Amino acid sequence: MREFSYHRASSVANALAQHHQPESRFLAGGTTQLDLMKCGVERPAQLVDISHLSELRDIALLNGRLKLGALVKMSQAADSELVQTHAPAVSESLSLAASAQLRNMASLGGNILQRTRCSYFRDPQAYPNCNKRQPGSGCAALEGQNHNHAVLGISDSCIALYPGDFAVALTAFDAVLHLHSADGKQRTVAATDFFCLPGDRPDIENQLAAGEMIVAIEVPLSPALARSHYLKVRDRSSYEFAAASAAVGLELESDDVTIKDVRIALGGVATLPWRAYQVEQALKGQPLNEETLRKAAEKATEGAIAHQHNAHKIVLAPRVIARALMQAGGLV
């Protein structure tokens, strides 16, 4: 591991000023950053410790929105009565992620920014060619072991999967990320726009500019969010990334049968949290029943491309959507 300097930030402004130095990285929970440094993917010259900044730790309801500070711990948000009551899918996406020890350390902002678990990406010594680490160098996963690689949003340069759960729920319910930069600028980016498709530059993973920090996440409250569910299917029952997951929410008309609003995002199958707009459109105005849900869910993987070992995801993803909607709708 490369030697690095350590700076304990005294405020958000101080952290942003320090992070502006070349080759600096923020240190919050450390569950991603230190992991990437140990495997040689990240080699920062400086770590800026923001883990103790209390102004980024609040959970609150403000003007019809659920606001979560970027340094709220995953376990804190998952266990919050406010989150469980108003955003069940958000709470469930956090409680089903990682291990209890990691959830007690990891921050929400860091969780959003976690990087792929592609074994070729995380082993620079054995696989020096990786388009996500060095664009144009190649991708061993295309012809290698790709059991848990993406089938949606892929390119000829990269099929690495986005591994998170929390960002899938944020994408389904039109959450907004608040970003601050060292020059005092503040902006918001919709979760649906934050992540980038790999194209020919898979190293560019999101819209975060150099020197910017996620300071908060806002999720607009809605009837669909209040009646939401996160379903995660994986190879083992705990401490495992999703083979396929779905964050869904439902709002019904006054007849309690017709679907008025529906939100769906997929995890575990794409290069980024994947909003299933075509399924949502197919379901609005339709009756809530198993046949309708299963038929519409098939649209989720239209255009999906499998490689040697991951065709099962194209079969699995529609089933996960249908089952999640049936659970949210009280059909099972």
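With every protein chain in place and a 1.4 angstrom probe, the accessible-area ranking of Val72, Val257, largest first, reads Val257, Val72.
Which entries of Lys232/Lys295; Lys38/Lys313; Lys73/Lys232; Lys67/Lys232; Lys67/Lys284 show an alpha-carbon separation above 26 angstrom in the structure shown? Present the calculation step by step, with values, prior to reporting the outcome.
On the way: Lys232/Lys295 20 Å; Lys38/Lys313 31 Å; Lys73/Lys232 20 Å; Lys67/Lys232 24 Å; Lys67/Lys284 28 Å.
With Cα atoms farther than 26 Å apart: Lys38/Lys313; Lys67/Lys284.
Using the alpha-carbon positions of segment 1-149, Rg (one decimal) and Dmax (whole number) come out as 17.6, 51 Å.
Build a GNM of the chain with springs between Cα atoms under 10 Å apart, and of Gly199, Gly268, Gly69 the one that fluctuates most is Gly199. Largest GNM mean-square fluctuation among Lys299, Lys232, Lys67, using the chain with Cα springs under 10 Å: Lys299.
Only protein atoms count toward the accessible area here, which uses a 1.4 Å probe; on the chain, the carbon and sulfur part of that area reaches 48 percent. Note on segment 1-80 and segment 280-323: Cα centroid distance 36 Å, given to the nearest whole angstrom.
Over all Cα pairs of the chain, how is the pair count split among 20 Å bins, expressed in % and running from 0 up to the last occupied bin? Per 20 Å bin, starting at zero, the Cα-Cα P(r) for the chain comes out as 32, 58, 10, 0 percent. If you take the square roots of the eigenvalues of the alpha-carbon gyration tensor of segment 258-309 and sort them as a ≥ b ≥ c, do you get rounded (a/c under 1.5), prolate (a/b over b/c) or oblate? Verdict is prolate for segment 258-309.
Assign one of three labels to segment 54-108, namely rounded, prolate or oblate, based on the Cα gyration tensor with a ≥ b ≥ c the square roots of its eigenvalues; rounded applies when a/c is under 1.5, prolate when it is not and a/b is larger than b/c, and oblate otherwise. The shape class here is oblate. Dipole check for the chain: with +1 at the C-beta of Lys and Arg, -1 at the C-beta of Asp and Glu, and the Cα centre as origin, the magnitude is about 460 Debye. Quick one: among Asp235, Asp200, Asp79, which has the greatest mean-square fluctuation in a GNM of the chain with alpha-carbon springs under 10 angstrom? Among Asp235, Asp200, Asp79, the largest GNM mean-square fluctuation belongs to Asp235. By definition, a body whose alpha carbon gyration tensor gives a ≥ b ≥ c is prolate when a/c is 1.5 or more and a/b is larger than b/c, and segment 222-332 fits this prolate description. The amide H of Phe26, built 1.01 Å from its N in the peptide plane, has Val48 as neighbours under 5 Å, considering only residues 5 or more places off or on other chains.
The values are calculated or read from the model by the stated rules, or taken from the named source; none is laboratory data. All figures in this text were calculated on a predicted structure; none of them were measured in a lab. We place every Cβ from the backbone using ideal geometry, glycine too, and count neighbours over all the protein chains shown. Remember, those area values only see protein heavy atoms, side chains included, never the ligands or the DNA or RNA. Shrake-Rupley method; radii C 1.70, N 1.55, O 1.52, S 1.80 Å.
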